[in-house]
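The block underneath contains the structure these notes are about, expressed in structure tokens.
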Amino acid sequence: MVSAQHRREGVVFLAERGVSERRGCALMSTARSSLGYESRREEKDGPLTARLREVAGKKKRFGYRMAWAKLRREGMRVNHKRVYRLWKEAGLGLPRKRRRRRGKKGAVPLQAEYPNHVWTYDFVHDATADGRKLRCLTLVDEFTRRGLDIEINRRMPAKSVFQVLLRAFEQYGTPTYLRSDNGPEFIAKSIRRGLAERGMTTHYIDPASPWQNAYGESFNATFRLDCLNFELFHSVAEAQVIAETWRIEYNTERPHSSLGYLTPEESYTKWLDNDTSPVGALPPHPRSLARRGLPDDKEKAESKPCPSVQSPTAALGALSSGALSSGRANSTLAQTHETSYNE
């Protein structure tokens, strides 16, 4: 479809080649009275377009909706349709990725209903500039989507994974369930024994079923696209600092569409403000996160009761327990369990 501005430009193009203005307007299906029109859109939208270019330059994986959410969080009252138009006109859209067709996989088992209900952890692999591999251990709270920890090292045995967990337990408390795949570090006897002694249950997903760990896979994909793919690491220490900086920004600045464009920290704070249940008890109230709009919206999201929690079935490997550990755990806790939980 040809826009009105392009049709007017077509009349001028024909006039420069000897076609009369009347004939040119007839050919381009435009009124002669509109030829003198000068759009003020550029003057009106210039500052907003410049701001969108700035956002796209800093957040290269943002789409127009995330850019719109960021502007709204900054206090700008702007319609998402206007942002979409300017985003498209400025050529800031991301290239579309052709998705493969896949069969229906079903819902994620054992849905989290409150903070510290279900944690998930997994490995992401990368390499330094010299080609040596890096193992990145990520730990996520599935309810609030908070990234609890990212530990990076050349190698990460079960002992180191358990130390990461000890540090996370000390800082955030202990979860009811820990979800993971069936990697050797996660099914190690030392980890299962240590978690069982602390009253936690592991939830191992079925083999070749990554969709059962959807929240962890989503966090890892974002971590790779927004951080790992844009950085060239020269050492483990550099990778750790950059990853930790990204994790803090992810938790405190990056709006999350499934949380009503709140950040993970805001979703956690919002839940605490509405929580009246005793510590350690199953919250009787439904999840109270905004399902649409932004924090400054006047609308209140409708609350829907969450399904009851059921223990993981034996088919999903819920009878054994497993967890993470990290090399930066509290020295006292690490020394206390070093002898008992070595492989």
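The values are calculated or read from the model by the stated rules, or taken from the named source; none is laboratory data. Keep in mind that what you see is a predicted model, and the values were worked out from it rather than measured. For neighbour counting, all protein chains shown are included, and Cβ atoms are generated from backbone atoms with ideal geometry for every residue, glycine included.
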Checked region 173-218 for anything aromatic (Phe, Trp, Tyr) and within 13 Å of PHE123 (Cβ to Cβ); matches are PHE186
Scanning region 126-137 residue by residue, those surrounded by fewer than 22 Cβ atoms within 10 Å (Cβ to Cβ), out of contact with any Cys (no Cβ under 7 Å at 6 or more places or on another chain) and not aliphatic (A, V, I, L, M) turn out to be THR128, ASP130, GLY131, ARG132, LYS133, ARG135
Restricting region 108-125 to residues that are assigned to a loop (DSSP other than H, G, I, E, B) and touching a Pro at 6+ places or on another chain (Cβ under 6 Å), the one surrounded by the most Cβ atoms within 10 Å (Cβ to Cβ) turns out to be LEU110
If we ask which residues in region 219-248 are acidic (Asp, Glu), more than 18 Å from TYR121 (Cβ to Cβ) and either at pLDDT 95 or above or not in a helix (DSSP H, G or I) (or both), their number turns out to be 2
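Can you give me the number of residues within region 130-166 that are over 27 Å from VAL108 (Cα atoms) and part of a loop (DSSP other than H, G, I, E, B)?
Within region 130-166, the first condition is being over 27 Å from VAL108 (Cα atoms), and the residues that meet it are 130-134, 152-157, 159-160, 163.
With part of a loop (DSSP other than H, G, I, E, B) added as a condition, the list becomes 130-132, 154-157.
Counting residues in region 130-166 that are over 27 Å from VAL108 (Cα atoms) and part of a loop (DSSP other than H, G, I, E, B) gives 7.
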